[in-house]
Structures are given as C-alpha cells and as structure tokens.
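Values quoted throughout were computed directly from the atomic coordinates according to the rules given, and no laboratory measurement underlies them. Quick caveat, the model's predicted, so the values are computed rather than measured. Using ideal geometry, Cβ is built from the backbone for each residue, glycine included, and neighbour counts are taken over all protein chains shown.
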Amino acid sequence: MPSFKIIVIGGGAAGFFGAITAAETFPDADITLLEKNKTVLNKVRISGGGRCNVTHDCFDNRKLIKNYPRGETFLRPLLKQFDAASTVRWFESRGVRLKTEADGRMFPVTDSSETIITCLLQEARRLGVQIRTSCGVKSLTQRDGKWQIDLLSDETLLADRVLVAVGGYPQAASYGWIPDLENSSNSHTALVSPVPSLFTFNTPGNPLLALAGVAVPDAIVRLVGTKQEQRGPVLITHWGFSGPAVLRLSAWAARDLAQLEYRHEIRINWLAALNENQIREQIQAFRQQHPKKQVASQALFGLPNRLWTALATEAGITPTDRWAELAGKAQNRLINLLTNSTYAVSGKSTFKDEFVTCGGLATTAVKSETLESLTQPGLFFAGEVLDVDGITGGFNFQNAWTTGFVAGKHIGL
C-alpha cells in the first residue's frame, strides 16, 4: 500500500515547524520539504543580528495579538493551539534554553541562531523528513485527487497534501504559481496586494545625519497627514531614522506609506513624556537658576548632548549664547524643535535584511482552525505567505511557529 505523501514547500521557520509537527502527528506519512535556495532557514540565521529572536515573553494572548498590524483576529483562535508559552516549552524540551531580555525579546542562551537551526534540522531528520534544497516550484495543480508539483528543474512530484510556507513575496506576480483560492479561472482575488513592512526612513536632507548612532529612549514619531504615530526609542542613522518607534510606524502605516511612494514627512517629539507647557516651565526654571550657562553646551531633559546642541543650533542659538540673553523667539523655536521637528523622508531601507511583507494570501481564504484552503482541499498554508505580519520583537517568528504547528497538526486528517 503506497504511503501517504505530504510535501512542504518552503524551508523557513513555518515550513520546518509544519513538517516536524506533521511527522510527529502522522508518523506513517512520507514527508518531503522543498527549499528553492541552496540552504534552509536563512531568515532564522540572520534574525536578531544572528542571535534569532525566537519569540516574545508576552504570554497573555490577548496582549500578544495586539502586536500584529495584520492578522490579529485570525491569530486569536490559532494561539489557543500553540502560543508563545508553547514555543518556549517546545524548544526547551529539546534542549534549547531561552532567555528573556529587558524589552521582552527571547533568544537562545547561546546567543546564536545556529542553535535554533541545529535543533530544527535534527528534529526533522530524526523524524524522517526528507529535505531537498535548490528545488524551486514552477506550478502546483490538483489532478485526480493528487497534488502535482512541477519544479523549475522540470521534475514532477505528486502528493496527497501540500503545505505552502514560502514566506512573503514583494510582488503580486510572484504568487502566480499558487492555485487560485477563490476558485476562479482568471483572477487571484484571494491575494492581498503585498507591500513592505518593517523598514527605516531615509532622510537625505536631515541636518542630524552627522549624529549617526545617537539614540533617544522615549520619543513620538508621527506620519504627517495621518493619525498614525508610534512611541518608543528612536535611533539616528547615517541615512535617517530607525529604532523601535520608526519600525512600528512603518508596520502599522505600511499601506499609507506605500501609497505615498515612501516620500512624505514625519514629525518627531523628542520628549514624549512631557507636554509643551511642562517643557516651557522647566526651561524657565533652569534659566532663572543658571542664567550664565551657555544654552547649547548642556543638554536638558536627559537628551543626548550632541542632539541638544544640534537642535539648539537649528533654532538659531550660537555656542556662546547664555540663558539670560536668550531671546523669546529663539526659545520658542527650540521648544518647537524639541516637540515637533519635521523631516522629509525620501525612500526606505530594510531593517537588518529582515524583510517582512504586509499582504499575501487573504486569511479569509483558509479554514480558521486548520489553515486548509476553503476551496482547494488538501492545500494548507502557514507563515508569512498569509496576510499576517507583526512588529519586531519575535512576533513574526511566533506567527511562523503557531501557523506551522496548526497546519502540520491537521494536514494528515
């Protein structure tokens, strides 16, 4: 009697987790994992600066799902099957201990992504999953109750079930080999147009570029012309602005920014914890106590000295100007720059080579409890190929583990 054949397309986190879970759940199945590149788990390897941000220590699922600009409602029932706490238990039961950093991100105690890669590879091989690299898929079609996978090498494979876990594509045309989930012969209406998420802002004319490396722990970044804003650390870079607040804004405003073609303005309040009246009162008090001190030489409010000096200079304050002599207009300009600096953005840069896609296959096209296609029986999806994406902090990997697990658990039924 021929064995039950499962093929997983995509050798990333979701694909491996789906293949491993399927092999554990259906030990008699013949499982093959296909990866188009020469190596597998490439995104795992580079994530977190090579340390792999496995997940986040947010173990309250109601709070966890608030970190997904797209997919919050979709993930809610899936996390009941496999959540962040499940991820920690899964890895630690296989000898991989995780640690939590101050911001909630969780990494292997080895601080090496190779620890995670080795664990996944060992589990897959132990369970008999066949791993094939340099196997790009050209087409996927259903014929006589079987799935036919035509490879770019002109080889043809057959499977009873298929899990697609190829990650996100930057162009809509790249999804063309995936069967139409709306069961229409000429349109991929189940595809949500893909655009980038999680990127930094390029500001070529920014007078602060010389301060690359300077960071402010608590700022507010606003997208001019919208209600979109994010609060958190901001990092000045050689090309513009980065840091958690900028990355979160790029994620939540991904569609707005794409429509603007990444040419827009942002406003930064460098003192998120204070309102304008509080800032003015503290400056007035400092002026009275230290009238002879030079304005630009000593930063107030805990700001980095270099940033304070740059903002003072932009406000028209010279290095020799003292608080006692500071004109009211110059003080107002300084306060405005502290709370409402405006910068023209022209372009974006991918954050540490960790490209994330906003968009993909619509979550409404799959069954919410199993991740099987509603219109193509035997076809399952997991990971970023679906229209689910999180902010930085381990949330995108958690989506991969969760959806990979759920698809793998149900793919042999």
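Summary of computed values
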{"item": "Cα gyration tensor category, rounded, prolate or oblate, for segment 60-151 with a/c compared to 1.5", "result": "oblate"}
{"item": "Ellipsoid equivalent to the chain - semi-axes via the Cα gyration tensor, in Å", "result": "49, 21, 17"}
{"item": "Shape category assigned to segment 283-337 from the gyration tensor of Cα positions, a/c cut at 1.5", "result": "rounded"}
{"item": "Hits among aspartates and glutamates - C-alpha to C-alpha of LYS329 under 18 Å, sequence gap 8 or more where chains match", "result": "GLU276, GLU281, GLU314, ASP321"}
{"item": "Over the chain: helical MRE at 222 nm, DSSP H runs n ≥ 4 each giving -39500 (n - 2.57), nearest 500", "result": "-9000 deg cm²/dmol"}
{"item": "Span from the segment 29-43 Cα centroid across to the segment 242-265 one, whole angstrom", "result": "32 Å"}
{"item": "Three-way shape label, segment 78-122, alpha-carbon gyration tensor, a/c 1.5", "result": "oblate"}
{"item": "For the chain, size of Cβ-based charge dipole, Lys and Arg +1, Asp and Glu -1, in debye", "result": "1040 debye"}
{"item": "Segment 22-98: radius of gyration over Cα atoms, expressed as a fraction of 2.2 N^0.38 Å", "result": "1.33"}
{"item": "Considering only the chain, percent of DSSP beta bridges that pair antiparallel, nearest 5", "result": "75 percent"}
{"item": "Value of relative contact order over segment 199-352, rounded to a whole percent, pairs C-alpha under 8 Å and six or more apart", "result": "31 percent"}
{"item": "Residue among LEU41, HIS56, PHE26 farthest towards the positive dipole end of the chain, charges placed on Cβ", "result": "HIS56"}
{"item": "Given LYS36/LYS409; LYS348/LYS409; LYS5/LYS367; LYS227/LYS348; LYS138/LYS409, the pairs whose alpha carbons are separated by over 29 Å", "result": "LYS348/LYS409"}
{"item": "Isotropically averaged projected area of segment 201-246, using the convex hull of Cα atoms (one quarter of hull area), nm²", "result": "3.1 nm²"}
{"item": "Rh (Kirkwood; distinct C-alpha pairs) - segment 199-352, Å", "result": "16.0 Å"}
{"item": "Rg to Rh, two decimals, where segment 281-396 supplies the alpha carbon set and Rh follows Kirkwood", "result": "1.37"}
{"item": "Cα centroid of segment 272-333 to Cα centroid of segment 134-170, whole Å", "result": "63 Å"}
{"item": "Listed peptides 46-58, 114-126 by packing density, highest first (mean Cβ within 10 Å)", "result": "46-58, 114-126"}
{"item": "Kirkwood estimate for segment 53-93, i.e. one over the average of 1/r between Cα atoms, Å", "result": "10.6 Å"}
{"item": "Dipole-positive endmost among ASN336, SER113, PHE395 within the chain (Cβ charges, Cα centre)", "result": "ASN336"}
{"item": "Rg(Cα) / (2.2 N^0.38 Å) computed for segment 132-224, rounded to two decimals", "result": "1.75"}
